[in-house]
Amino acid sequence: MSAPAPDFVATGSIGRLKRVRSSQRMRNVELILILVASAINVASLVLVQWAVLDTIDAGPLAICGLLAVLVLSIHVAMRFVAPQADALILPIATVLNGLGIAEIYRIDLALGNEGWDSLANKQIAWTALALGSALATIIVIKHQRILQRYTYVAGLLAVLLIALPMVPGLGISINGARVWIQLGTLTFQPGEIAKIALAVFFAGYLVQRRESLSMVGRTFLGMRFPRGRDLGPIIVVWALSMAVIVFQRDLGTGLLFFGLFLVMLYVATGRGSWVALGLSLVGVGAVIANQTLDYVNGRFANWYDAFNDANFSADGGSYQLVQGLFGLAHGGVIGTGLGEGMPEVTPVSQSDYIIASLGEELGLAGIFAILCLYLLLVGRGLRIGFAGHDDFSKLLAVGLSFTIALQCFIVIGGVMRVIPLTGLTTPFLAAGGSSLVANWIIAALLLRLSDSIRSEPRLVVG
Amino acid sequence: MNRELKRVTMVVIGMFVVLFLAASTIQVFTADQLYADSRNTRTIFDSYRYKRGSILVAGAPIAESVPVDDNYRYQRTYPNPATYANVTGYFTLNQGMTGIEGTLNSYLSGKTGSQFLNQLNAILTGQEPQGASVALTLDPVMQQAAFDALGDYEGAVLVTEPSTGKILVMASKPSYDPNLLAAHNADEVISTYDALISDPLKPLINKAIAGDMNPPGSVFKLVMVAAALESGKYTPESTFANPSEFQLPGTDVFIQNSTFTTCGYGATVTLATALRLSCNIPFAELGLELGRKAILDQAKKFGFNTSFDVPMTAAASEFPVVMNDPQTALASFGQYDVRATPLQIAMVSAAIANGGKVMYPTVLDQILEPTLKPISQFEAKEFSQAISPETSATITQMMINNVDNSNLITNVRIEGVKVAGKTGTAQNGDGEPYTFWFTGFAPAEAPRYAIAVVIENGGGLGQNGYTNDIAVPIARKVLEAGLNK
């Protein structure tokens, strides 16, 4: 009590710091947000049932209630294993997942899909599995350093996963793209999981080699190129991902892998010239693919001349793209209301075109809300990247959050005719199990990264 | 590394900004255009899902949507189908829409910008969004009288209110049943449609305002008299040489009056007599004296060569812009390439009845919100001042004289009411059936109705029929129906 003033100042500022970073407080915020997200999800289902069935069917509501319990169990687990983790990631993923289920369910009702034909039922089952995977991820991976140890294993895993659909008897083609494998009655897209493995591999490898990559090498045409042995493994993985485009006929996944590769390489080395080189390679590749690969050429034609009657009525033409645009326009600013639109008119309205379906029923307002949620989610991930103390954490956080952003851009931009349409799923929203599992694992990894970074003894912003 | 991260963050924000812009473009700026695309099946389904507005005549629906128990939820029905088919048009699942159904579709389906807030309000208050109703200016008694009077003829009747331009009758025969085209069975609709479209009598054509237009024949002489009087060089007592044959200048073609003799007795004939007896030769002489340009200018002031949205688009009646003298002479009595709709001919009479003012014609009275609040109200619009009030008074007297003192138009005389009128018997070529016309207005001293009647295909009598027996009685029945109300 004799000289309290200096002490008071010191403890005061640290106290405030502690309060801001108090894990208790953060988890409580998360809990409230999860409850809000679950309420939105249940409300969406109720609105759909009201509009389409005119009654309330308790069954689907109860099942989604169980999913909320699963999310809450992740939340509870985090109070023990990741108390400092970001408070927004889990609620955002929850509300996106729930909106997706509501819209898929709504289209099922319109199409008369029931039982195991119902994509909503499958989506709910997959969500349970995805939430389980996320829970397991956050419990098993106690620190991201564990992942760094398995850099090369991750690279190999990525290659194997990408190659899996090419195995005769295992892989199947859907709509011309050979990116699925069949396990019993379930289909799975291993490429979705591969993007996580790729991010881990790129992060681990680039951390090891970033010094030599950016410092050592020869200058050619005014640009410094790294040594072959530094770049070799990366080129191999990159070439493999490009093979996806050519042999598995999946433009979207190929673009996603390549974008991931470029961004991580850029963040690790700071070489803008390589990005320019990479982008020009994409340009050259696009021109060549447009001329040599029929399916790529078709995509381009459907894009720049979508409303041409010849493209519109052609087999595999712009019909679905234009129907998606009609749907979005039908929604206008405020949308038709859940269950009140006609999203089922558009082909694959539950998977590739889920954003058009939601845009029709929730309008521009809904689209903006969804895009803001994605932006917030990606923003939280990039923030983790800024705050990370070690290069591996930074790179992994950037890689994972950028895949979400790029995937959104490729698929939503495709549906909205910003770029040619490629088959990819909208993270968390679209019907598709592998994508759900992969994105929930990404969410879990981001949670893990944010917790490790904050709990380490260093004062950082955020 | 944070510098690169910042840049990546900017790229990510940029990507989302592009998506925000794209969504805004599609859902706001080009939404109407996408919604109007003929391939947009949502537009068609929409038009069935919401209660489409009614089309009303004197408060009673002539087209309405009633709830049914199928996927389309509403069935479009037409309570008096044939009488109004040419006005309502049809509303089909897969063959588009015509008439008021087509022209005012955005109002009827509730999709115009001005209805947005009301629709929003309906959604928020839990009501079913509805389209606006359209009230027409038609007079149901006169419309029915016209439809019945047309009987089995191929033809049309159009009546306007001279002082406002309101269309009171728009009847066309043969007609069809739009209920059959509103069926919810696509194949049924297609077969009905195919049968109607291949029918040689063209029941889907609204002959009152469009179709294969007819030469106006002698009713065009009203335009000639107007041009003559407006020039200031002629009066009803001006005289013309009165031969029994007239050689078209520079040709070896001779024209004759319909009587094949002179126009009354005497070496000359007055303009008034030439109009009353409907002689061709004096008008050919008048046309050559006035010249093509003066006639064209007068015809245009009456509305020729202009397409009117009533609100369905009416075909523009035609007065040729380029003609030599012999052609001008023929056009002077409504032949050669002059073509007119009953709407146009009624507008000529209406202008004479209305002190020379041509009112813009329309069948649209009001557009009403589901709450019956008007979105748009009828407002009389002037199209032109075709002739001076003095000229109109003079022509009115000449037209009264036509009815009272000529044996050509006896069948439109109405007890106690003065009627102004003019007939026409237009030729369609050698051996082709005539087209019969009547136009006029009543009561002549305080005109309420201006009428045009056209009967095509010689009324079924080839070249043996008479206008006074075929077209004129129809006009009397329609006018009486209005005057006796």
Out of B:T77, B:T83, B:T9, which single residue is buried (at least 18 other Cβ atoms within 10 Å of the Cβ) and more than 8 Å from every other protein chain (Cβ to nearest Cβ)?
-> B:T83
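Applying the selection to region B:175-226, what residues are basic (K, R) and more than 24 Å from B:T313 (Cβ to Cβ)? Steps first, answer last, please.
Pass one, region B:175-226, residues basic (K, R): B:202, B:207, B:221.
The one that is basic (K, R) and more than 24 Å from B:T313 (Cβ to Cβ): B:K221.
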Failed criterion for B:N457 (all others in (1) open to solvent by 10 Å² or more (accessible area, probe 1.4 Å); (2) over 21 Å from the mean Cα position of the chain (by Cα) hold) | (2)
Exactly one of B:A36, B:A23 is touching a helix residue (DSSP H, G or I) at 6+ places or on another chain (Cβ under 8 Å), surrounded by fewer than 21 Cβ atoms within 10 Å (Cβ to Cβ) and within 14 Å of chain A (Cβ to nearest Cβ), and that one is B:A36
Give the residue, chosen from B:Q463, B:Q366, that is closer than 24 Å to B:V141 by Cα, at pLDDT below 95 and open to solvent by 10 Å² or more (accessible area, probe 1.4 Å).
-> B:Q366
Would you be able to say whether some residue in region B:199-212 is modelled with pLDDT under 95, surrounded by fewer than 24 Cβ atoms within 10 Å (Cβ to Cβ) and among the basic types (K, R)?
-> yes
If the Cβ limit is 7 Å and pairs must be 6+ apart or interchain, which residue in region A:321-339 that is at the interface with chain B (Cβ under 7 Å from one of its Cβ atoms) pairs with which residue that is part of a loop (DSSP other than H, G, I, E, B) and at pLDDT 90 or above?
-> A:L325/A:R417
Across region B:39-68, which residue is farthest from A:V322 (Cα to Cα) among those that are within 10 Å of chain A (Cβ to nearest Cβ) and in contact with a Lys or Arg (Cβ under 9 Å, 6 or more places away or on another chain)?
-> B:R49
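Would you be able to tell me the number of residues in region A:412-448 that are of a type outside the set (V, I, T), in contact with a Gly (Cβ under 7 Å, 6 or more places away or on another chain) and modelled with pLDDT of 90 or more?
Initially, region A:412-448 is screened for residues of a type outside the set (V, I, T), giving A:413-414, A:416-417, A:420-421, A:423-424, A:427-436, A:438-440, A:443-448.
Going one step further and asking which of them are in contact with a Gly (Cβ under 7 Å, 6 or more places away or on another chain), we end up with A:420-421, A:423-424, A:428-430, A:446.
With the extra rule that they be modelled with pLDDT of 90 or more, the set shrinks to A:428-430, A:446.
Residues meeting the conditions: 4.
Checking the condition under 16 Å from A:N439 (Cβ atoms) and not basic (K, R), which residue from A:S401, A:S357, A:S393 passes? Full working, then the answer.
On the way: A:S357 fails: under 16 Å from A:N439 (Cβ atoms); A:S393 fails: under 16 Å from A:N439 (Cβ atoms).
The unique qualifying residue is A:S401.
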So which of A:A301, A:A289 is more than 11 Å from every other protein chain (Cβ to nearest Cβ), touching a residue at least 24 places away in the same chain (Cβ under 8 Å) and surrounded by fewer than 23 Cβ atoms within 10 Å (Cβ to Cβ)?
-> A:A289
Tally the residues that are over 16 Å from B:R42 (Cβ atoms) and open to solvent by less than 10 Å² (accessible area, probe 1.4 Å), restricting the search to region A:322-365.
-> 2
Looking only at residues in region A:415-429 that are polar (S, T, N, Q) and closer than 21 Å to A:A93 by Cβ, which one is farthest from the other protein chains (Cβ to nearest Cβ)?
-> A:T425
Could you list all residues from region A:385-414 that are more than 9 Å from chain B (Cβ to nearest Cβ) and open to solvent by 10 Å² or more (accessible area, probe 1.4 Å)?
-> A:A387, A:H389, A:D390
Somewhere in region A:210-220, is a residue touching a helix residue (DSSP H, G or I) at 6+ places or on another chain (Cβ under 9 Å) and touching a residue at least 60 places away in the same chain (Cβ under 8 Å)?
-> yes
Going through region B:212-239 in order, the residues found to be under 13 Å from B:T270 (Cβ atoms) and either touching a His at 6+ places or on another chain (Cβ under 8 Å) or outside any helix (DSSP H, G or I) (or both) are B:Y234, B:T235, B:P236, B:E237, B:S238, B:T239
Looking at region B:430-469, which of its residues are assigned to a strand (DSSP E or B) and either out of contact with any strand residue (DSSP E or B) (no Cβ under 7 Å at 6 or more places or on another chain) or aromatic (F, W, Y) (or both)?
-> B:F436, B:W437, B:F438, B:F441, B:Y449
From A:Q123, A:Q182, A:Q148, residue being among the polar types (S, T, N, Q), within 30 Å of A:L96 (Cβ to Cβ) and open to solvent by less than 20 Å² (accessible area, probe 1.4 Å) = A:Q123
Does at least one position in region A:353-361 carry a residue that is without any contact (Cβ under 8 Å) to a residue 40 or more places away in the chain and either away from chain B (no Cβ under 11 Å) or assigned to a loop (DSSP other than H, G, I, E, B) (or both)?
-> no
In region A:369-378, anything within 9 Å of chain B (Cβ to nearest Cβ) and either surrounded by fewer than 18 Cβ atoms within 10 Å (Cβ to Cβ) or more than 22 Å from A:I412 (Cβ to Cβ) (or both) is listed as A:C372
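The values are calculated or read from the model by the stated rules, or taken from the named source; none is laboratory data. These numbers come from a predicted model, not from an experiment. A quick note on method: Cβ atoms are made from the backbone with ideal geometry, for glycine too, and the neighbour counts reach across all protein chains shown. Calculation scope for accessible area: heavy atoms of the full protein, side chains included, ligands and nucleic acids excluded. Shrake-Rupley method; radii C 1.70, N 1.55, O 1.52, S 1.80 Å.
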